[in-house]
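Asker: Attaching a single structure in structure tokens format; questions to follow.
The values are calculated or read from the model by the stated rules, or taken from the named source; none is laboratory data. Note that the structure is predicted; figures quoted are calculated from it, not measured. Here the Cβ positions follow ideal geometry from the backbone for every residue, glycine too, while neighbour counts run over all protein chains shown. With ligands, DNA and RNA removed, areas are computed over all heavy atoms of the protein, side chains included. Shrake-Rupley method; radii C 1.70, N 1.55, O 1.52, S 1.80 Å.
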Amino acid sequence: MPAVLPFTMPDLLEKVLMIEEALTDKQLTALRDMLYHYKEFHEEIYDYPEPDTLFTQTQRELFTLLDIV
């Protein structure tokens, strides 16, 4: 079951656009890469449990916001 986020799709789009405007392409790519590797590392360490038990709500929101799968 997907996590319920405390914002709507238009809010999500607005937040993503704000982040993209504030960072250079290189910075945004580096941020996404860091979050992706952080997520993958923790999933591997804990043998891929349910995301809602492994990550906080804030972490899951960031993964969604920055399209980290």
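Asker: Please go through the range 1-32 and give me each residue that is at pLDDT 70 or above and hydroxyl-bearing (Ser, Thr, Tyr), ordered by number.
Answerer: Within the range 1-32, Thr24, Thr29 qualify.
Asker: Restricting to the range 35-51, what's the tally of residues that are more than 13 Å from Val69 (Cβ to Cβ) and in contact with a helix residue (DSSP H, G or I) (Cβ under 7 Å, 6 or more places away or on another chain)?
Answerer: Looking only at that region, the number is 2.
Asker: Then there is this: Consider the range 31-51. How many of its residues are within 20 Å of Glu14 (Cβ to Cβ) and either among the aromatic types (Phe, Trp, Tyr) or open to solvent by 90 Å² or more (accessible area, probe 1.4 Å) (or both)?
Answerer: Looking only at that region, the number is 0.
Asker: Another question, if that's okay. Name the single residue that is farthest from Leu12 (Cα to Cα) among those in the range 52-69 being of a type in the set (A, V, I, L, M) and assigned to a loop (DSSP other than H, G, I, E, B).
Answerer: My answer is Val69.
This table checks each residue for (1) open to solvent by 90 Å² or more (accessible area, probe 1.4 Å); (2) among the polar types (S, T, N, Q).
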residue	(1), (2)
Leu12	no, no
Glu21	yes, no
Thr29	no, yes
Thr53	yes, yes
Gln57	no, yes
Leu62	no, no
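Asker: Say whether the condition of being in a helix (DSSP H, G or I) and in contact with a Lys or Arg (Cβ under 9 Å, 6 or more places away or on another chain) is met by at least one residue in the range 22-41.
Answerer: No, the range 22-41 contains no residue that is in a helix (DSSP H, G or I) and in contact with a Lys or Arg (Cβ under 9 Å, 6 or more places away or on another chain).
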